[in-house]
Each structure stands twice: as structure tokens, then as C-alpha cells.
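The structure appears below as C-alpha cells.
Rule-based calculations on the coordinates, nothing more; no lab input. The structure displayed is predicted, hence computed values, not measured ones. For neighbour counting, all protein chains shown are included, and Cβ atoms are generated from backbone atoms with ideal geometry for every residue, glycine included.
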């Protein structure tokens with residue numbers, strides 16, 4: 001990595017795919033303001049903005065008008081997220097590539113804060129900023145946050161460096177990006193940003209610098225819908241990560257989906273074969289009422305949010321397990337990714353609660369069988 005010089009040439013990549021034209025317009029106008037702010041702060045810098053789009057023809061026409069009015073390049077290309085991002089970077093001579101999403105509006109100082117980070121850390125391979133989700137008041141967002149599925153967007157607020165960061169607010173030195181071969185295009189279900197970050201850190205021998213003052217704002221409408229699909233696809237992405245990064249694997253405690261499925265199977269079998277309803281009553285009392293109510297009291301959120309949280313976690317892990325079995329990697333079912341110090345302290349309360357609830361279920365069944 002050359003990495004010792006301050007980046008002068010910048011490339012901004014934005015992917016679009018049938019987002020509402022109002023969202024795209026907001027995004028592109030905010031990016032143009034950020035480019036103007038950067039060049040005003042660093043007059044020798046140049047910024048090229050590229051939108052890679054595969055929307056419907058009607059949206060493409062509207063997008064073309066907006067892009068031309070703002071001096072932004074529009075490239076029509078189909079493919080996965082990884083493929084489209086690689087297409088946008090192809091043949092670029094930029095020093096730094098910056099990624100954001102079409103459903104995000106960026107702060108005016110967005111690019112300038114990335115530039116300032118590279119000035120402070122001349123050998124940094126990449127810089128990650130904060131993504132603020134504007135759907136914070138919705139039950140779906142609260143459930144995603146409580147499930148631990150959004151912590152990556154907050155890395156710059158809680159740590160000084162990281163092994164990966166979401167591409168809603170991420171920049172990379174182009175020489176490192178090209179050295180690792182860009183995005184792995186076999187990632188079609190998410191986690192392509194995790195894979196890229198790990199490879200960049202391995203290749204450079206350094207972590208990604210976190211910059212808390214770099215902010216983008218995720219629009220509330222797209223995120224408030226499809227949270228269960230996101231959890232499932234992110235879980236499938238995790239299944240792709242596990243075999244590719246063995247250095248980051250550690251033994252995994254049993255996941256909640258295993259306890260729930262085992263307990264539910266036990267309850268249903270007791271009804272169908274022995275006409276005993278006690279296991280089902282115990283299942284509902286522990287996993288639907290008692291456990292979630294106790295968790296709601298501990299975490300200061302509502303019972304419906306806790307139910308959503310548990311469902312999201314279960315879908316994530318189920319997606320991971322199904323992906324591993326489909327890839328014929330059953331040996332990885334007992335492994336998980338370890339992204340850094342403090343991860344297991346953060347996860348321990350959830351793991352302990354899941355084990356304790358299953359223990360109570362088994363204890364009740366054991367007593368009733370006597």
C-alpha cells in the first residue's frame with residue numbers, strides 16, 4: 001500500500017435499484033453538496049460521482065435527468081451489489097473510493113471528514129463513518145437494534161478502529177481495494193462489506209479507522225419494511241463468511257433457534273403421540289410469555305418488541321444454518337465469527353438467558369413426567 005500521500009482524486013459510488021426517485025434525488029443533491037464542501041476545504045481535490053443503476057426504464061429516464069443536472073455519471077449495469085460496486089470502480093484512477101447508498105442522505109461534511117481522517121492517519125487503508133437510521137421510533141428498528149443486527153452502523157461511535165463497516169458510509173484507498181480484488185462477487189445475500197473489510201485489514205496489516213464525525217442519514221421508509229427479510233439474508237451472508245475467514249472463527253454456544261425448535265418439537269410430539277399438553281403449555285409460558293416479559297423488563301422495551309427481536313435473531317441464525325448445510329459445511333455449525341474484543345461480553349446476557357429458559361423448560365417437563 002502506497003498510502004502515505006494525502007488522497008487528491010476521489011470517486012463516490014452509489015447504487016440504485018428502483019428506489020423512489022425522491023429518495024435518489026435527496027441522496028444525489030446531498031452528495032453534490034458534500035463534494036463541493038470537500039473541494040472548498042481541499043482545493044486540489046477532485047471528486048467524480050458515479051451512480052450504477054439497474055432500475056426500470058421509467059426510473060432510468062428520471063434518474064438520467066437528475067444526474068445530468070448535477071454533473072454525475074450514470075452507468076446502467078445489472079448484477080448483485082458486489083458486481084455493481086466493482087463495475088463502478090473499474091478502470092478508475094482515483095486515490096480513494098467512497099461508498100454510500102441511494103436511500104441515504106449525507107452530511108455536508110461527509111467527504112471532508114473522511115479526508116481529515118486520512119490526513120491524521122496517512123497509512124490508513126480505509127475510513128468508516130456513522131450511519132444514523134431515521135426509523136429509530138419504529139418497533140421494527142428497535143427490534144433490529146435489540147437483536148444486535150445494527151451494531152455495525154454504530155462502530156465509529158463506540159470504537160476507534162474496526163475490522164469492517166457497512167458500505168453506507170465507507171471509504172477505501174483504491175490501491176488496497178484493487179490489491180484485494182474488490183468485492184467478492186460470490187456474496188449475493190449481504191455480508192460482502194464484512195468480507196471486504198476483513199480482507200483489507202489482512203492485506204494492509206491495519207484496521208479501518210473509525211470517524212464519528214462522518215455521518216450519513218438512512219431514510220426511514222426503506223428500513224422500516226423488510227426487517228425479517230434482512231435478518232434472513234444477513235444470516236445467509238454469514239454462512240458465506242464462515243468458511244472464507246477461518247482465522248476469525250471461534251467455538252459458538254448453542255443459538256436460541258436450536259432451543260426453540262427442540263422445545264417446540266418436544267411439545268408437538270407430546271401432543272401427537274401421548275396426548276400430553278403440558279409441554280406445549282410450558283413452551284408458551286416460557287418462550288412466548290415469561291421469558292420475553294422478563295427480557296422486556298430488563299431491557300426496558302415492550303413485550304411485542306422482544307418477540308420481534310427473538311424472531312429476528314432466530315431468522316438470522318436459521319439463515320446461517322441453512323446456508324451452511326446447503327454448502328455442505330456442517331462442521332461450521334458450531335462456529336461463529338469473532339470480530340474483536342468485547343464481542344462476547346456484549347452477547348453473554350442473551351446466551352445465558354437462552355440457556356436458562358431451556359433449562360427451566362426441561363426442568364418443568366422432568367417434574368411433570370414423574
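Would you mind getting me the FRET efficiency between residue 277 and residue 297? Use the beta-carbon distance for r and R0 = 35 Å, nearest 0.05. Mind dumping the intermediate values first?
Working: r = 28 Å, r/R0 = 0.80.
Between residue 277 and residue 297 the formula returns 0.80.
Explain nothing, just the number: relative contact order of region 9-225, from Cα pairs under 8 Å at least 6 residues apart, as a whole percent.
27
How large is the convex hull of the C-alpha atoms of the chain per residue, in Å³?
Cα convex hull per residue, to the nearest whole number: 147 Å³.
In degrees, nearest 10, range 0 to 90: what is the angle between the Cα axis of helix 303-326 and the longest Cα principal axis of the chain?
Helix 303-326 sits roughly 80 degrees off the main axis of the chain.
Could you list 133, 245 in order of exposure, starting from the residue whose Cβ has the fewest other Cβ atoms within 10 Å?
With the fewest neighbours first, 133, 245 line up as 245, 133.
Going by Cα centres, region 305-337 and region 99-124 are how many Å apart?
33
Rounded, prolate or oblate: which fits region 9-225, taking a ≥ b ≥ c as square roots of the Cα gyration tensor eigenvalues, rounded meaning a/c under 1.5, else prolate when a/b beats b/c?
The shape class here is rounded.
For helix 192-204, what angle does its Cα long axis make with the longest principal axis of the chain, in degrees from 0 to 90 and rounded to 10?
Tilt relative to the chain: about 60 degrees.
Going by alpha carbons, how many degrees (0 to 90, nearest 10) lie between the helix axis of 256-274 and the longest principal axis of the chain?
Once rounded, the angle reads 30 degrees.
Once label points are set 7 Å from the Cα along Cα→Cβ at both residue 212 and residue 29, what is their separation, rounded to one decimal in nm?
3.1
Determine the shape class of region 166-263: with a ≥ b ≥ c the square roots of the Cα gyration tensor eigenvalues, call it rounded for a/c under 1.5, and otherwise prolate if a/b is greater than b/c, oblate otherwise.
Oblate is the answer for region 166-263, as a/c is 1.5 or above yet b/c matches or exceeds a/b.
Using R₀ = 41 Å, calculate the FRET efficiency as 1/(1 + (r/R₀)^6) where r is the Cβ-Cβ separation of residue 262 and residue 92; round to 0.05.
0.20
With n ≥ 4 as the cut-off for DSSP H runs, can you work out [θ] at 222 nm for the chain, using -39500 (n - 2.57) per run divided by the number of residues, rounded to the nearest 500?
Working: 15 runs with 194 residues, N = 370.
It comes out at -16500 deg cm²/dmol, rounded to the nearest 500.
Distance between the C-alpha centers of region 35-55 and region 250-267? Whole Å please.
Here the two parts' Cα centres lie 49 Å apart.
Of all DSSP beta bridges in the chain, what percent run antiparallel (nearest 5)?
The antiparallel fraction comes to roughly 40 percent.
Which FRET efficiency value, to the nearest 0.05, do you get for residue 18 and residue 326 by plugging their Cβ-Cβ distance into 1/(1 + (r/R0)^6) with R0 = 25 Å?
Approximately 0.35, to the nearest 0.05.
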